[in-house]
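Some notes on the structure that comes next.
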């Protein structure tokens, strides 16, 4: 999983195995550990019951809950990704989730 952070936007790029894992309803998680012992962790949680994307940050963990209608069938269709807006944060927070496709030359 590749993560890009810009002002009011989180962008996640997933390889094929990660896309399959997400669409099968399993969460994705990645962490970076620092010398101080602290860590920064990202979680993408597929949530078939969610109506809207939810993004939160607590105790060094960025958690993004993705509604089922966005990821279901994504592993087999032609969509490259999807963009969501979380309205619960201070100002709209954009969440982009994309397939990180290998270069085909």
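What's the number of the condition residue 31 fails, among (1) exposed (fewer than 13 other Cβ atoms within 10 Å of the Cβ); (2) in contact with a helix residue (DSSP H, G or I) (Cβ under 7 Å, 6 or more places away or on another chain)?
(2)
Which of the numbered conditions does residue 61 fail, given that it passes all the others? Conditions: (1) closer than 19 Å to residue 19 by Cβ; (2) surrounded by 13 or more Cβ atoms within 10 Å (Cβ to Cβ); (3) at pLDDT 90 or above.
It fails just one condition, (1).
Taking residue 90 and the conditions (1) closer than 22 Å to residue 49 by Cβ; (2) modelled with pLDDT under 95, which numbered condition does it fall short on, given that it satisfies the others?
In the conditions (1) closer than 22 Å to residue 49 by Cβ; (2) modelled with pLDDT under 95, residue 90 misses (1) alone.
Looking only at residues that are surrounded by 13 or more Cβ atoms within 10 Å (Cβ to Cβ) and in a loop (DSSP other than H, G, I, E, B) in segment 1-13, which one is farthest from the chain's Cα centre (by Cα)?
8
Name the single residue that is surrounded by the most Cβ atoms within 10 Å (Cβ to Cβ) among those in segment 34-44 being under 16 Å from residue 66 (Cα atoms) and out of contact with any helix residue (DSSP H, G or I) (no Cβ under 9 Å at 6 or more places or on another chain).
42
What is the number of the single condition among (1) at positive phi; (2) surrounded by 14 or more Cβ atoms within 10 Å (Cβ to Cβ) that residue 18 does not meet?
Of (1) at positive phi; (2) surrounded by 14 or more Cβ atoms within 10 Å (Cβ to Cβ), only one is false for residue 18: (1).
Can you tell me which condition residue 65 does not meet? The list is (1) in contact with a strand residue (DSSP E or B) (Cβ under 8 Å, 6 or more places away or on another chain); (2) in contact (Cβ under 8 Å) with a residue 24 or more places away in the chain, and all the others hold.
Residue 65 satisfies all of (1) in contact with a strand residue (DSSP E or B) (Cβ under 8 Å, 6 or more places away or on another chain); (2) in contact (Cβ under 8 Å) with a residue 24 or more places away in the chain except (2).
The values are calculated or read from the model by the stated rules, or taken from the named source; none is laboratory data. Note that this is a predicted model, so its numbers are computed, not measured. All Cβ positions, glycine included, derive from the backbone under ideal geometry; neighbour counts span all protein chains shown.
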